[in-house]
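Structure first, commentary second.
The values are calculated or read from the model by the stated rules, or taken from the named source; none is laboratory data. Treat the numbers as computed from the prediction; the structure is a model and nothing was measured. Neighbour counts are summed over all protein chains in view; Cβ atoms, including those assigned to glycine, are modelled from backbone coordinates with ideal geometry.
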Amino acid sequence: MNVSLPVKISLRTIALGYLFVLLLVPIGVILYRTFENGIGAFAESISTPAAISALNLSLLIVAIVVPVNVVFGIVVALALVRGRFPGRRLLQAVVDLPFAVSPIVVGVALIMLWGANGWFGAVESLGFKVIFGLPGMVIATIFVTLPFVVREVEPVLYEIGEEQEQAAATLGADTWQTFWRITLPAIRWGLTYGVVLTVARALGEFGAVIMVSSGFPGVSQTLTLLVHARYIDDHNTFGAYSAATLLMAIAVIVLLLMTLLDRKRSTEE
Amino acid sequence: MATLWLSLIVLLPLAALAAHSLSDGFGGFWNAVTAPAALATLRVTVGVSIVVAAINAVMGTIVAWVLVRDEFPGKKVVNALIDLPFALPTIVASIVLLSLYGPQSPIGLQLNATQPGLVIALAFVTLPFVVRAVQPVLIEVDREVEEAAASLGANNFTIFRTVVLPVLAPAILGGTGLAFARAIGEYGSIVLIGGNIPYQTQVASQYIQQQIEIDRPVNAAAVSVVLLLIAFVALFVLRWVASRGLRRQENDR
């Protein structure tokens with residue numbers, strides 16, 4: 001259908017206007033508010049002891065969650081693609097489940113499993129504090145990021161098929177050698193993409209983490225909790241803007257990485 | 001091992017949640033869900049989410065259309081921008097919108113603690129769903145059919161309604177369903193701009209969080225289960241409608 005010029009222009013105006021008002025204007029305002037007192041004020045605001053320990057905690061959670069998700073993500077993807085067992089289709093649905101569950105509901109569910117009165121509440125009396133401790137925040141983050149690696153690796157595994165792996169096995173390679181030499185190189189870009197998505201979500205998760213964290217500044221406050229606490233508890237609007245801008249910068253880097261990886265993947269295919 | 005891992009991380013917590021919601025029997029569950037405050041918060045959540053889903057269906061399709069069929073300088077940048085709401089932490093989305101529509105608003109427009117504020121926050125975080133669902137379908141669409149319809153004298157509106165829309169409908173519905181499911185459970189983007197006013201702007205996730213804080217875990221668990229069910233039903237129904245539409249198209253050919 002060949003749209004006439006006036007229709008084309010008005011559709012373009014509507015689309016770009018919508019994006020401009022919804023995305024660009026608010027982001028412009030927050031950048032202005034962050035830097036209106038100069039870059040020094042911004043730097044000071046994101047290097048307070050509470051901010052630094054929030055950054056460290058967020059990075060620590062990422063450092064634990066990413067390796068866990070990589071290992072189990074590959075295991076689950078392999079099971080979904082290569083496995084022949086009853087309930088495989090059910091497992092497919094379970095992998096997508098975290099996308100459909102509200103972050104708050106994730107938090108509540110974890111409290112009911114790991115909390116003092118939960119099914120696994122006994123671990124707390126053994127001195128292993130899950131809820132209101134680091135383990136709780138890590139488990140919550142694993143829950144919400146679980147689908148990413150699986151969903152990025154799975155299609156690649158389908159695509160490459162099993163022939164090369166079988167050939168390697170016939171030539172006497174053991175399972176590990178086949179995995180390291182054949183499977184891993186084939187899935188590396190998909191895996192990297194999944195990791196980038198995991199990092200972004202892990203740094204940015206708020207709802208699930210706030211439910212299972214005690215939220216003490218300097219102890220159990222992640223970057224997103226810091227933004228919230230600065231705005232709500234400290235009435236430090238500027239501090240909240242600064243921390244949000246820091247998170248936004250990370251998000252933009254993630255976005256650039258994703259674009260680069262997309263290009264890399266499509267040129268290699 | 002894969003099954004064990006998924007069970008431990010995903011299924012077991014949800015099972016504990018479901019069990020806890022029934023710990024006072026089905027009567028307790030029913031009372032928790034039909035409490036006036038719980039019903040009000042579910043009504044607000046579903047109502048606002050339907051509005052947001054509808055906005056997404058229309059605006060998302062227009063944006064996708066412009067990104068595929070139109071040419072203008074800077075299109076690549078705009079295209080990359082679409083993913084920003086997914087990359088941005090939800091709490092950042094909240095504070096970004098608050099800087100424009102909050103107490104410090106430079107345009108004097110205050111939308112915090114109002115339902116329009118909720119709609120804007122949710123439209124922000126759900127923007128990519130419909131756009132990214134429709135875009136690839138629109139690229140693949142066979143334009144010859146459109147041209148044939150045009151040469152037979154059909155006007156643009158007729159072509160869109162009878163040729164383009166049926167092809168796009170499954171993608172639009174799919175994206176809208178995802179946007180709705182996301183909106184239903186959203187918390188981070190709403191927590192600062194929503195105001196959390198019971199009966200007016202308190203959404204279900206805020207109500208659940210409040211019930212945990214005042215130590216009413218059964219209420220929290222019960223409303224959580226309802227929220228989950230609404231999301232599942234929405235996704236299931238839309239998937240069913242979409243696959244039916246797809247099948248009808250194939251039968252037509």
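Side notes on the structure shown:
- Across segment B:212-243, the number of residues qualifying as more than 9 Å from chain A (Cβ to nearest Cβ) and either among the polar types (S, T, N, Q) or assigned to a loop (DSSP other than H, G, I, E, B) (or both) comes to 5.
- Of residues in segment B:109-124 being within 20 Å of residue A:235 (Cα to Cα) and not polar (S, T, N, Q), the one nearest to the other protein chains (Cβ to nearest Cβ): B:111
- Hey, residue B:68 closer than 20 Å to residue A:259 by Cβ, in contact (Cβ under 8 Å) with a residue 60 or more places away in the chain and assigned to a helix (DSSP H, G or I) or not: yes
- Filtered residues of segment B:69-89 (kept if at the interface with chain A (Cβ under 7 Å from one of its Cβ atoms) and over 22 Å from residue A:245 (Cα atoms)): B:70, B:72
- Residue check, residue A:98 assigned by TED's automatic domain parsing to the domain that holds residue A:130 and either in a helix (DSSP H, G or I) or of a type in the set (S, T, N, Q) (or both): yes
- Screening residue B:111 on (1) at pLDDT below 90; (2) of a type outside the set (Phe, Trp, Tyr); (3) within 20 Å of residue A:249 (Cβ to Cβ); (4) surrounded by 15 or more Cβ atoms within 10 Å (Cβ to Cβ) shows it passes everything except condition (3).
- The set of residues from segment A:1-53 being small (Gly, Ala, Ser), more than 7 Å from chain B (Cβ to nearest Cβ) and closer than 27 Å to residue B:106 by Cα comprises A:17, A:28, A:38, A:40, A:41, A:43, A:45.
- Qualifying residue in segment A:57-65 (condition: in the same structural domain as residue A:215 (by TED's automatic domain parsing), among the aliphatic types (A, V, I, L, M) and touching a Pro at 6+ places or on another chain (Cβ under 7 Å)): no
- Residue within segment A:32-44 that is in contact (Cβ under 8 Å) with a residue 24 or more places away in the chain and in a loop (DSSP other than H, G, I, E, B) present: yes
- Filter result for residue B:128 (assigned to a helix (DSSP H, G or I) and surrounded by fewer than 19 Cβ atoms within 10 Å (Cβ to Cβ)): no
- Residue match in segment A:66-84 (condition: outside any helix (DSSP H, G or I) and either more than 17 Å from residue A:206 (Cα to Cα) or not assigned by TED's automatic domain parsing to the domain that holds residue A:246 (or both)): yes
- Close pairs from segment B:137-148: first facing another protein chain (nearest Cβ under 10 Å) and surrounded by 14 or more Cβ atoms within 10 Å (Cβ to Cβ), partner in a helix (DSSP H, G or I) and among the small types (Gly, Ala, Ser), Cβ under 8 Å, at least 6 apart: none
- Taken over segment B:179-211, the criterion of being of a type in the set (A, V, I, L, M, F, W, C) and either at pLDDT below 90 or closer than 24 Å to residue B:36 by Cα (or both) is satisfied by B:180, B:181, B:183, B:184, B:190, B:191, B:192, B:193, B:197, B:203, B:204, B:208.
- Taking segment A:109-215 and the helices (runs of 4 or more DSSP H) fully enclosed by it, the elements with 3 or more residues that are over 25 Å from the mean Cα position of the chain (by Cα) are at A:122-125, A:163-170, A:175-178.
- Residue check for residue A:78: more than 18 Å from the chain's Cα centre (by Cα), facing chain B (nearest Cβ under 9 Å), over 26 Å from residue B:212 (Cα atoms) and touching a residue at least 40 places away in the same chain (Cβ under 8 Å): yes
- Filter result for residue A:205 (within 14 Å of chain B (Cβ to nearest Cβ) and farther than 29 Å from residue B:102 by Cβ): no
- Options A:53, A:47: the member that is in the same structural domain as residue A:237 (by TED's automatic domain parsing), assigned to a helix (DSSP H, G or I) and small (Gly, Ala, Ser): A:53
- Among the residues listed as B:58, B:46, B:78, the single one being over 26 Å from residue A:7 (Cα atoms) and surrounded by fewer than 20 Cβ atoms within 10 Å (Cβ to Cβ): B:46
- Inside segment B:36-92, residues that are in contact with an Asp or Glu (Cβ under 8 Å, 6 or more places away or on another chain) and not polar (S, T, N, Q) make up a count of 1.
- Of the criteria (1) more than 30 Å from residue A:92 (Cβ to Cβ); (2) of a type in the set (D, E, K, R); (3) in contact with a Leu (Cβ under 8 Å, 6 or more places away or on another chain), which one residue B:24 fails: (3)
- Subset of segment A:221-239 (residues that are modelled with pLDDT under 90, in a loop (DSSP other than H, G, I, E, B) and over 25 Å from residue A:38 (Cβ atoms)): A:233
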